[in-house]
Amino acid sequence: MSDLVTTVQARAGTEPVRLGLILGSGLGHLAHAVQGVAIPYADLPGFPHVGVSGHNPNLHIGTLEGVRVAVCGAREHYYENGNPAAMRPALELLQALGADHLIATNAAGSLRPDIRPGDLMLLNDHINFSGLNPLIGEKTDARFVPMTTAHDPDLRAALRAAAEAEGLALPEGVYAWYSGPSFETPAEIRAIKILGGDAVGMSTVPEGILARFLGLKVAAISTITNIAAGMSDEQISHEHTKAMAPLGAVKLERILRAYLRGSAARP
Ligand code: HPA
């Protein structure tokens, strides 16, 4: 890890970052607003070889709204190579660079009639519908990570305040992680609904577990790209996800910028 930190700091400078961001499908645009450097994942040992279209496989380090951030423009999903811990080296790097919290974003399908395509949802909890865990094989007792407040109440309050300041709705809900890459069946969506899921997607939960393991506070926001399978006549496809993500991305960017301005004002 120290080699990686040295490599990155040689290009990005040694000033610590305050937080890390991971951007989801079709949401990579914000990364380009960071004033600093963009380091291709290919130059960073351990970083994923991201093969999903609509992603920006660069680590952007620099300033956004006066706050020093490290932004992962793309993630590796479990469904790419079957590794739920694929983002561990990236998260370890964010922490080593000084981040004390992570904000993850993703594209998701909604199970709630009041949360529509183009809307955002702040995760207040999640369901690991895949049963996989990135900490399986971890040897120390640190693996028994409490997840009771995994979606940090203070961070969520700050993000809700940022949304309110922007006049944007940011309802909270429960995100269910489905492994993918196939989408869910209508019966699976009905099951997720019964279990208490409000949105469904193929990411974020393993990163949240890893980030909590590493001691980072976590918050995550979904941009809703579609109504979940079987709940409407709408077609569900990756093309559709990529086409719809920018709708929510504009709002997401406003909220994250407002959050960062507030965070810059805090000591
Ligand atoms: N299911 C899973 N992942 C998704 C969806 C969905 O409906 N929409 C965007 N990502």
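Of all DSSP beta bridges in the chain, what percent run antiparallel (nearest 5)? Intermediate values should be presented prior to the final figure.
On the way: 17 of 44 bridges.
The antiparallel proportion sits near 40 percent.
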For the chain, set up a GNM with springs between Cα atoms under 10 Å and report which of Leu23, Leu155, Leu111 has the largest fluctuation.
Leu155
Leaving out ligands, DNA and RNA, and with a 1.4 Å probe, what % of the accessible surface on the range 52-123 is carbon or sulfur?
43
Angle between the Cα long axis of helix 153-165 and the longest principal axis of the chain, 0 to 90 degrees, nearest 10?
80
Tilt, helix 238-265 to longest principal axis of the chain (alpha-carbon atoms), in degrees rounded to tens, equals 50
Could you tell me the ratio Rg/Rh of the range 2-265? Both radii from Cα atoms, Rh via Kirkwood.
0.94
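Please state the relative contact order of the chain as a whole percent: Cα pairs under 8 Å, 6+ residues apart?
On the way: 560 pairs, mean separation 68.6, N = 267.
Rounded, it is 26 percent for the chain.
Shape of the range 180-224 from its Cα gyration tensor (a ≥ b ≥ c, root eigenvalues): rounded if a/c is under 1.5, otherwise prolate when a/b > b/c, or oblate? Walk me through the numbers before you get to the answer.
Numbers: a/c = 2.43, a/b = 2.15, b/c = 1.13.
It is prolate, given that a/c is not under 1.5 and a/b is the larger ratio.
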Could you work out what % of the accessible surface of the range 183-234 is carbon and sulfur, using a 1.4 angstrom probe and leaving DNA, RNA and ligands out of the count?
58
How far is helix 2-12 tilted off the main Cα axis of the chain, in degrees rounded to 10, range 0 to 90?
90
Extended-chain gain in nm, criterion 0.36 nm per residue less alpha-carbon gap, Glu138 and Glu253
37.9 nm
Per residue, in Å², the accessible surface of the range 2-265 once ligands and nucleic acids are set aside, probe 1.4 Å
40
Based on DSSP H runs of at least 4 residues, each adding -39500 (n - 2.57), what is the mean residue ellipticity at 222 nm of the chain after dividing by all its residues, to the nearest 500 deg cm²/dmol?
-10000 deg cm²/dmol
Assuming R0 = 35 Å, can you tell me the calculated FRET efficiency for the pair Lys193 and Ala265, based on Cβ-Cβ distance, to the nearest 0.05?
0.30
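The values are calculated or read from the model by the stated rules, or taken from the named source; none is laboratory data. Note that this is a predicted model, so its numbers are computed, not measured. Note that each Cβ is placed from the backbone with ideal geometry, even for glycine, and that neighbours are counted across all protein chains shown. All accessible areas refer to the heavy atoms of the entire protein, side chains included, with ligands and DNA or RNA removed. Shrake-Rupley method; radii C 1.70, N 1.55, O 1.52, S 1.80 Å.
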